[in-house]
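Reading through the structure tokens given below for one structure.
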Amino acid sequence: MWNSFKTDDRLGISAEITTYPGGNGDEIHAYVVRPHVDGEVPGVVLVHHLPGWDEFYQEFAERLGRHGYRVICPDLYCRFGHGTPDDVAAKVRSEGGVHDESVVADCDAAAQWLRNEPGSNGRVGIIGSCSGGRHALLVASRAGGVDARVDLWGGGVIMPDDQRTPARPVAPIAYTADLDAPLLGLFGNDDQSPTPAQVDEHQAELEKHGKVFEFHRYDGAGHGFFYYHAPMYRPEQTMDGWAKIFAFFAQHLKS
């Protein structure tokens, strides 16, 4: 799917920070990208990582938009106040993290918002990295109603008892039986969260419940290997991962 556009195609996007009614009807800020294409388009809920609602995720949303998806990336830390992404993320960590219940409610509301947008084809996917990968799995399992789900090295899917907190009381793997969307997972074999053994355990649980999924693992890659602004960036593995994301979403959201 990379470089698959035709040079005489009409191609454009609009992007802005706006608000939408999140969980409990609260006004939540979100980065929204709309592709300028003819016909109906699918939607994608983009779930940001623990470093926060940052510029990387704005660019992530724009890349999906250029490939024909209407994208909403909610600020899951919106209720904690505003400032630079780093400052807000630090405040969230100091207060024990965002609660799973809040994330599920805000992302479920974002999916409904996408479906109600004019020009929607009625299909919505969800994708996130790091904590966002974990959260995307929770949304697909707890709220349901998404048509495809992508986990990029989501840590904390498997949680020992001593890692459970009031904000994260249940390991997402416990909800595997309720997962109602095809799942794509991309992981680095040098990652420590999740470790290769934890990815194996997650895969075994998905197989046990007969879920539709595909996992891809990359040698020479650790946590966050898509992050081109950080030392962990691995360009070859990243480009292969993007190709798999585009193919997966095209199959489940466009076809």
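Structural remarks
- Every pair of residues 6+ apart whose Cβ atoms lie under 6 Å, when the first sits in the range 173-194 and is closer than 18 Å to residue 156 by Cβ and of a type in the set (Val, Ile, Thr) while the second is part of a loop (DSSP other than H, G, I, E, B) and open to solvent by 50 Å² or more (accessible area, probe 1.4 Å): 176/209
- Tally, over the range 157-175, of residues that are open to solvent by 10 Å² or more (accessible area, probe 1.4 Å) and either among the small types (Gly, Ala, Ser) or over 19 Å from residue 101 (Cβ atoms) (or both): 5
- Residue within the range 85-97 that is part of a helix (DSSP H, G or I), within 11 Å of residue 48 (Cβ to Cβ) and not aliphatic (A, V, I, L, M) present: yes
- Of residues in the range 23-62 being more than 17 Å from residue 132 (Cβ to Cβ) and of a type in the set (Asp, Glu), the one surrounded by the most Cβ atoms within 10 Å (Cβ to Cβ): 26
- Residue in the range 159-168 that is within 19 Å of residue 203 (Cα to Cα) and touching a residue at least 12 places away in the same chain (Cβ under 8 Å) present: yes
- Out of 104, 88, sole residue that is under 30 Å from residue 237 (Cα atoms), open to solvent by less than 50 Å² (accessible area, probe 1.4 Å) and either over 15 Å from the mean Cα position of the chain (by Cα) or among the hydrophobic types (A, V, I, L, M, F, W, C) (or both): 104
- Residue check for residue 238: among the polar types (S, T, N, Q), at pLDDT 95 or above and closer than 19 Å to residue 130 by Cβ: yes
- Only one of 160, 118 that is modelled with pLDDT under 95, on the phi < 0 side of the Ramachandran plot and over 19 Å from the mean Cα position of the chain (by Cα): 160
- The listed residue being open to solvent by 30 Å² or more (accessible area, probe 1.4 Å) and assigned to a strand (DSSP E or B), out of 216, 252: 216
- Close pairs from the range 1-24: first touching a residue at least 60 places away in the same chain (Cβ under 8 Å), partner among the charged types (D, E, K, R), Cβ under 7 Å, at least 6 apart: 21/27; 22/106; 23/106
Residue-wise test of (1) of a type outside the set (Asp, Glu); (2) part of a loop (DSSP other than H, G, I, E, B); (3) touching a Phe, Trp or Tyr at 6+ places or on another chain (Cβ under 6 Å).
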| site | (1), (2), (3) |
| --- | --- |
| 15 | yes, no, no |
| 19 | yes, no, no |
| 30 | yes, no, yes |
| 58 | yes, no, yes |
| 63 | yes, no, no |
| 72 | yes, no, no |
| 76 | yes, yes, no |
| 83 | yes, yes, no |
| 115 | yes, no, no |
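- Filter result (in contact with a Leu (Cβ under 7 Å, 6 or more places away or on another chain) and either in contact (Cβ under 8 Å) with a residue 60 or more places away in the chain or open to solvent by less than 20 Å² (accessible area, probe 1.4 Å) (or both)) within the range 67-85: 71, 72, 73
The values are calculated or read from the model by the stated rules, or taken from the named source; none is laboratory data. Remember, predicted model here, so these are calculated numbers, not experimental data. Cβ: placed from backbone, ideal geometry, glycine included. Neighbour counts: every protein chain shown. Surface accessibility is based on the protein's heavy atoms, side chains included, excluding ligands, DNA and RNA. Shrake-Rupley method; radii C 1.70, N 1.55, O 1.52, S 1.80 Å.
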